[in-house]
Amino acid sequence: MLKTALRQRAVRLSFSPRRWASTEGAEQQPFPPDNEWSHPPSKATISDEEIYRLAAKPRRPLTLADLVKHGKPPLRDAALLSSANFTLSLLPARLAHRIQALRNLPFIVVSNPNVSKIYNNYLHSLSTLEPFYKKPIETIEDERKFTDAMADLVRTHSNTIPTLAQGFLQCRKYIEPAEVTRFLDQHLRARIGTRLLAEQHLALHMASTADAIKEKPDPTHVGVIDLAVKPADIVRRCEGFVAEVCEYKYGVRPSLVIQGDQAAEFAHIPMHLEYIITELLKNAFRATIESGNEKEAIEITIASAPDVAITKLESLKKMSVSKENSYDFSQEGLEEYCSDADDPMGPLHSAVPCITLRIRDRGGGIPPEALPNIWSYSFTTFNNEEAAAATSDSLGSEDDAGLGVLSSTEADQSSIAGLGYGLPLSRAYAEYFGGGIAVQSMYGWGTDVYLTLQGIASTKELKEAPTGLEE
Ligand code: ADP
Ligand code: MG
């Protein structure tokens with residue numbers, strides 16, 4: 001039953017790494033089994049000098065506007081080339097910066113097999129990009145090779161979360177918890193952007209290929225962005241999945257009611273919303289069942305604020321403040337970026353729709369002694385043995401249950417709890433584009449979780465945005 005739910009979900013989520021077979025017939029390699037998707041250092045050819053050089057380059061936050069600027073599919077070749085070059089202008093410095101951050105961890109931590117697996121994955125990915133970023137991509141043949149490199153990047157980094165979780169758990173004697181939290185928060189936030197850049201180019205490439213063959217262009221998607229995503233629909237989809245997981249683990253499935261503005265829609269990234277909402281529902285469902293209150297429905301209320309005019313500078317500051325998100329956040333850097341006339345969403349103003357979801361459960365709330373820790377990576381009140389099993393299951397389970405194709409965002413969401421990454425990582429996803437998560441616990445009664453999400457421009461504006469066919 002659970003496997004069926006997982007498979008259905010896998011089919012529905014369109015950006016499975018496995019779907020990316022090489023487009024170069026002669027060079028096509030069968031995909032290695034999941035557990036071989038990390039690369040030994042010997043395959044990485046990039047020099048230390050090159051890593052230092054790239055890591056020293058300034059970085060800036062990625063916005064939803066960056067991701068729609070190549071136009072809606074169908075794309076002309078020129079738009080695909082510009083997407084490839086845009087992606088290349090950002091990725092190498094980001095990967096190099098991650099390599100430096102991993103190198104700055106205590107040696108005993110980087111030597112841990114799980115942490116070094118992640119380190120080698122970054123070295124491998126940067127090496128595969130080296131042939132591309134020395135000169136602009138000018139032919140569609142090179143763009144195809146680059147697309148293969150993007151597919152490899154997404155695949156290589158698909159199982160990072162359980163691997164890192166396991167690695168840091170094994171190293172907890174050698175590194176302060178605060179340092180782990182700081183590292184993981186920066187690393188996982190940076191990873192959101194890196195994957196998104198790669199996935200967006202892959203999605204644009206795939207959409208333009210599909211359009212060229214037969215299918216009508218999809219008017220509501222620009223790559224991984226859905227210009228008219230309805231949070232109510234995502235909640236219902238995630239509910240189905242989480243309820244299956246509950247039924248499998250506990251033998252019961254609590255119910256869920258949606259209230260408020262069910263028709264609300266805005267432009268966002270469905271796979272990010274799915275990740276966040278799945279994690280928040282798992283927490284609410286688990287608390288409801290474990291407190292013996294499974295008869296009490298979980299209530300989701302959706303509120304949609306009228307589009308709020310916000311300057312891009314304000315929006316970027318909101319995204320960047322407090323995150324120490326490893327970008328160049330100087331006021332001048334942000335202002336320079338905001339005056340970028342290439343940005344089709346307008347250099348300074350956009351009307352930003354804001355949607356808030358309140359997830360209310362009657363699961364007894366969060367004990368006061370646990371409350372200060374809920375945002376720490378690895379903190380869980382799930383039974384310790386089960387938690388350990390969750391980490392190792394996630395590490396080895398991709399082939400067993402076909403979970404490798406579950407989602408390109410995070411490979412395995414099939415355990416009800418246990419990694420302790422659900423809340424902090426969901427907050428990182430929400431904050432990435434200017435949203436946030438707040439938790440209000442009424443101990444002895446239940447928990448309210450407020451998820452705020454900021455879209456991009458007005459839905460109308462985006463629907464009328466040019467396609468990539470326009471000159
Ligand atoms: P995990 O679910 O793997 O334990 P999370 O980061 O999702 O990790 O949550 C951390 C902890 O926060 C949970 O173990 C639980 O103790 C607490 N928590 C989160 N959401 C709720 C909730 N809705 N009700 C009660 N406790 C919660
Ligand atoms: Mg959780």
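The values are calculated or read from the model by the stated rules, or taken from the named source; none is laboratory data. The structure displayed is predicted, hence computed values, not measured ones. When we count neighbours, we look across all protein chains shown, and the Cβ atoms used for this are built from the backbone with ideal geometry, even at glycine.
Give me a count of the residues in the stretch 417-453 that are part of a loop (DSSP other than H, G, I, E, B), within 19 Å of the chain's Cα centre (by Cα) and within 12 Å of ligand 2 (Cβ to nearest atom).
4
Among (1) modelled with pLDDT of 90 or more; (2) among the hydroxyl-bearing types (Ser, Thr, Tyr); (3) part of a loop (DSSP other than H, G, I, E, B), where does Ser408 come up short?
Here Ser408 meets the rest and fails (1).
Out of the residues in the stretch 357-374 meeting the condition of being assigned to a loop (DSSP other than H, G, I, E, B), on the phi < 0 side of the Ramachandran plot and within 8 Å of ligand 1 (Cβ to nearest atom), tell me which one is surrounded by the fewest Cβ atoms within 10 Å (Cβ to Cβ).
The selected residue is Pro367.
Say whether the condition of being more than 16 Å from ligand 2 (Cβ to nearest atom), of a type in the set (A, V, I, L, M) and at pLDDT 95 or above is met by at least one residue in the stretch 309-329.
No, the stretch 309-329 has no match at all.
Going by what's in this entry, would Val154 be described as closer than 20 Å to His97 by Cα and assigned to a helix (DSSP H, G or I)?
Judged against the criteria, Val154 is a match.
For the stretch 221-282, which fully contained strands (runs of 3 or more DSSP E) count at least 1 residues that are closer than 25 Å to Ser415 by Cβ?
Here the list reads 256-260.
Can you run down the residue pairs with Cβ atoms below 8 Å, 6 or more apart or on separate chains, where the first is in the stretch 418-432 and under 14 Å from Lys282 (Cβ atoms) and the partner is in a loop (DSSP other than H, G, I, E, B) and more than 9 Å from ligand 1 (Cβ to nearest atom)?
Note: pairs meeting the criteria are Leu425/Glu410.
Do we have any residue at all in the stretch 332-353 that's in a loop (DSSP other than H, G, I, E, B), crowded, with 19+ Cβ neighbours inside 10 Å and either within 16 Å of ligand 2 (Cβ to nearest atom) or at pLDDT 90 or above (or both)?
no
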